[in-house]
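I have placed the structure first, in the form of structure tokens, so that the comments after it can refer back to it.
The values are calculated or read from the model by the stated rules, or taken from the named source; none is laboratory data. Here the structure is a predicted model, which is why all the values come from computation and not from measurement. Glycine also receives a Cβ, built like all others from the backbone with ideal geometry; neighbour counts cover every protein chain displayed. Calculation scope for accessible area: heavy atoms of the full protein, side chains included, ligands and nucleic acids excluded. Shrake-Rupley method; radii C 1.70, N 1.55, O 1.52, S 1.80 Å.
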Amino acid sequence: MSNFKANIQKLGRAMLLPVAAMPLAGLIMRLSADDMLNIPVIGAAGNAVFGNLDILFAIGVTIGFAKTKDKGIPALTGFLAIATLKKGLEIMNPAVNMGIFGGIISGLIAAWTYNRFKEQKLPMVFSYFAGEKFPLTMVMIIQTVTSVVFGFLWPFAQAGIDTFARLLVNMGALGVGIFMFLNRLLIPFGLHHVLNTYVYYDLGSYTAPNGEVFRGEMTRFINGDPQAGLFLSGFFVVMMFGVPAICYAIYRAAYKENKDMVKGIMGSGAATSFISNITEPVEFSFMFLSPMLYVVHAIFAGLAGIVCYLLNIRIGFTFGACIVDYLINFRIATNAILIIPVGLVFFALYYFTFYYLIKKRNIHTLGREVATDYGVETIEEEKELGLASKNYEYMAKKMLQAFGGAENVSDAYSCNTRLRVEVENPTIVDEQRIKQLGVSGVIKPTEKNYQVIIGLEVTYVMAEFNKLLEQ
């Protein structure tokens, strides 16, 4: 079970790699459209991304699971895996469309092939193809067999997936509400990307006027599908109004002497959610202090999705459900203006609910904490240290020491807001010392896996952390 959880975490991480290419691609596709700049050659760059999502996911998953620091050969292995599978399926059954699932499966097979055969020895006459190059040969053989198998089996799986899609669609507002509820609820486990991936990039199908077929709510909306956007519109209410309301409630509920400090932190969190769609720094500030509050947040998110569906609000995003995408996509959306009144209602709902619960139940959100004894090992500098200090090198050094040193770290990487570390011996990890560095929280999804919630500055901390690991 521990290995299963760890692999699910890695899959979530791998999903983020191809997603990193999508925001700009989506923005330039929108800007290059006929009703805006009307520059097709710019839009071609965006189509290069959204037209090859299965390849991007195959490479991303391979990189995520390959056990090596140099990811060049694994990436090529992933590409060969999906390319072989697609060509094989064209022969076996041209009607089969595995979409991003083909990419994910190919990535998993490619990573296994690389890890299994990367040190393979061959007779001297074939030595050039041995070692790291051997997986390039093996993956084509394995994927040829895979294409035969899926040529027979995938039509049944594809029927099941289509049934699930129709079930969500046929459930109408409730289906959208369930999706958004689960989207928020899975964030603590880092599994929301797995759910999002299907809805964003594989749910439904749309044939553009030029004959090109697009799948997924996000991709279909950007390419002009008038039916897309119902599963995405509720996010604008949550990111632009709901999360800022949570920040305001936490600020208002803080003790008087702490309000200035809370104002800066929560103000930044509200702005980040409104402008860039990043909500985790705010959500992680209270989800473990009060799971009840977080469930309320998930329920309100589901309710926002239901309301937007009932009002026939259809608007999508590429960068995120934030003010940037709202303004850019306003002209091609349906009833997008209703996001504002609906958002104001949800701002009030979020604010009064959170403020009441925090005060009534005396929840120790930011600014209401019980005084903490840092202990004799903590120097004065660490008491004052926060991410605002920009001393990323110092934080990375202290964090690595708390994880037991480089020899105890078997893997480390970052996502949007989290530093994820896998250790050899969890008994020597000093979680309290990590928390004293000014991070938003530390969670332990499995015995040997840690997630340090840092915020948007995780990229800079990760860069310094990697430097220390490479010494």
Residues of the range 82-110 satisfying the condition of being under 21 Å from TYR200 (Cβ atoms) and outside any helix (DSSP H, G or I): ASN97, MET98
Complete set of residues in the range 316-339 that are within 26 Å of the chain's Cα centre (by Cα) and more than 25 Å from LEU37 (Cα to Cα): ILE339
Of residues in the range 264-298 being open to solvent by 60 Å² or more (accessible area, probe 1.4 Å) and assigned to a loop (DSSP other than H, G, I, E, B), the one nearest to ASP325 (Cα to Cα): PHE288
Breaking point among (1) assigned to a loop (DSSP other than H, G, I, E, B); (2) in contact with a strand residue (DSSP E or B) (Cβ under 8 Å, 6 or more places away or on another chain), for GLY316: (2)
Where a residue in the range 115-136 is over 19 Å from GLY78 (Cβ atoms) and touching a residue at least 12 places away in the same chain (Cβ under 8 Å) and its partner, wherever it lies, is open to solvent by 100 Å² or more (accessible area, probe 1.4 Å) and in a loop (DSSP other than H, G, I, E, B), with Cβ under 7 Å and at least six apart: none
Options VAL429, VAL442, VAL421, VAL461; residue that is farther than 22 Å from PRO281 by Cα, open to solvent by less than 60 Å² (accessible area, probe 1.4 Å) and in contact with a Phe, Trp or Tyr (Cβ under 7 Å, 6 or more places away or on another chain): VAL429
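Please go through the range 121-137 and pick out each residue that is of a type in the set (Ser, Thr, Tyr) and farther than 22 Å from ALA81 by Cα. It would help to see each step written out before you state the result.
Step one: list which residues in the range 121-137 are of a type in the set (Ser, Thr, Tyr), which gives 127-128, 137.
Within the range 121-137, just SER127 meets the criteria.
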Test: residue in the range 186-199 that is farther than 14 Å from GLY320 by Cβ, open to solvent by 20 Å² or more (accessible area, probe 1.4 Å) and touching a His at 6+ places or on another chain (Cβ under 6 Å): yes
Residues that are in a helix (DSSP H, G or I), closer than 18 Å to PHE65 by Cβ and open to solvent by 60 Å² or more (accessible area, probe 1.4 Å), drawn from the range 111-145: TRP112, ARG116, GLU132
Where THR163 falls short, out of the listed (1) part of a helix (DSSP H, G or I); (2) buried (at least 19 other Cβ atoms within 10 Å of the Cβ): (2)
Conditions (1) over 14 Å from ILE59 (Cα atoms); (2) open to solvent by 30 Å² or more (accessible area, probe 1.4 Å); number of the one not met by ILE105: (1)
